[in-house]
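To start, the structure under review is shown below, and the notes come after it.
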Amino acid sequence: MRYLLIVTLLWAFSFSLIGEYLAGRVDSYFAVLTRIVIAGLLFVPLTRWRGHAPAFVRGMLLIGALQFGITYVCLYLSFSVLTVPEVLLFTILTPLHVTLIEDAFNRRFNPWALIAALVAVLGAGIIRYDGISSGFLLGFLLLQVANFTFAAGQVLYKHLLLKHPSAEPQYKRFGFFYLGALLIALPAFLLLGNSERLPSTALQWGVLVWLGVVASGLGLYWWNKGASLVDGGTLAVMNNALVPAGLLVNLLIWNHDADLLRLALGGAVIAASLPLVRLGRTPRTRAEVH
């Protein structure tokens, strides 16, 4: 639990740093690639690269590609069309994706999850009821992809550790995670990146270094380790604890002119969608989710 709490505080600042200093200024693909390289370098000396089951290595590469590579590419792209508070509010749906993925693992179907998704979309519409555009819808969809891949990474990591237990510390096997992320971010930058929008100030480089070392390096490792040690309910709560923490930081320090009433109404509708997921689950079903 303490790992999840620490990372929640770290990530609460990360969203605002991206939105205030990098979004629209630094190429999104380059920013993600830089974070992955910096974070990966932390774990290269610590990782034991040999002696692992091939299935475990493939699993870690997939988790890194999903939870860091695809998630962060979509996250950074969303900042070009959404405000920081909107990005934070739309990430509140991550537990919904966790539920859907867990149900898929256990071959269940919960129709209430689809209803919850529709209610959440309504909440998003309230936030931008007078300014819904193709860009806004694109940002919302990008964040749902990011929510799905981030949720998939958490669920897969827990299942992978259960399937391939080891007495050695998790950090000695975590380097594969960043290698998997690199397999997504490097081709994305080479194919889609803009080399004319690289960091141009010491502040931008400093933000990238902080995000790489602290938010992506220590943060993603601690988050996954924490996720592997708690039950599904606790993990869902902690996924959403980031939203109020991040909003508080952004509104108090940077975004004083935000429409608080509209954000509150839309955010409340989005939050109200989450309990709907549990309506279609029996007591036994809830107990199966770890």
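Please report the carbon-and-sulfur percent of the accessible area for region 1-280; probe 1.4 Å, protein heavy atoms only, DNA, RNA and ligands left out.
Working: 8780 of 12460 Å².
With neighbouring chains kept in place, the figure for region 1-280 is 70 percent.
Would you mind computing, in nm to one decimal, how far apart the modelled labels at residue 261 and residue 203 are, each placed 7 Å from Cα along Cα→Cβ?
If labels sit at residue 261 and residue 203, their model points lie 3.3 nm apart.
With θ set to phi - 60°, apply the Karplus curve 6.51 cos²θ - 1.76 cosθ + 1.60 along region 174-188 and write out the HN-Hα couplings as whole Hz, x wherever there is a Gly or Pro.
After applying 6.51 cos²θ - 1.76 cosθ + 1.60, I find 8, x, 4, 4, 6, 5, x, 5, 5, 5, 8, 6, 5, x, 4 Hz.
When all alpha-carbon pairs of region 17-72 are counted, what percent fall beyond 18 Å?
On the way: 721 of 1540 pairs.
Tail fraction, whole percent: 47.
With every protein chain kept in place and ligands, DNA and RNA left out, what is the accessible area per residue of region 1-280? Probe 1.4 Å, answer in Å².
Here the per-residue accessible area is 45 Å².
Output needed for region 1-280: three equivalent-ellipsoid semi-axes, defined as square roots of 5 times the C-alpha gyration tensor eigenvalues, in descending order, whole Å. Could you put the intermediate results ahead of the total?
On the way: eigenvalues 159, 122, 52 Å².
Taking √(5λ) for each Cα gyration eigenvalue gives 28, 25, 16 Å.
Near residue 170, within a Cβ-to-Cβ distance under 13 Å, what is the net charge of the other residues, with Lys and Arg +1 and Asp and Glu -1? Could the numbers behind the result be given before it?
Numbers: positive: 48, 158, 172, 173, 225; negative: 168.
Around residue 170, the surrounding residues sum to +4.
The values are calculated or read from the model by the stated rules, or taken from the named source; none is laboratory data. Given the structure is predicted, the values throughout are model-derived calculations rather than measurements. Cβ: placed from backbone, ideal geometry, glycine included. Neighbour counts: every protein chain shown. The protein model used for the area step is the full one, side chains on, heavy atoms only, and it has no ligands, DNA or RNA in it. Shrake-Rupley method; radii C 1.70, N 1.55, O 1.52, S 1.80 Å.
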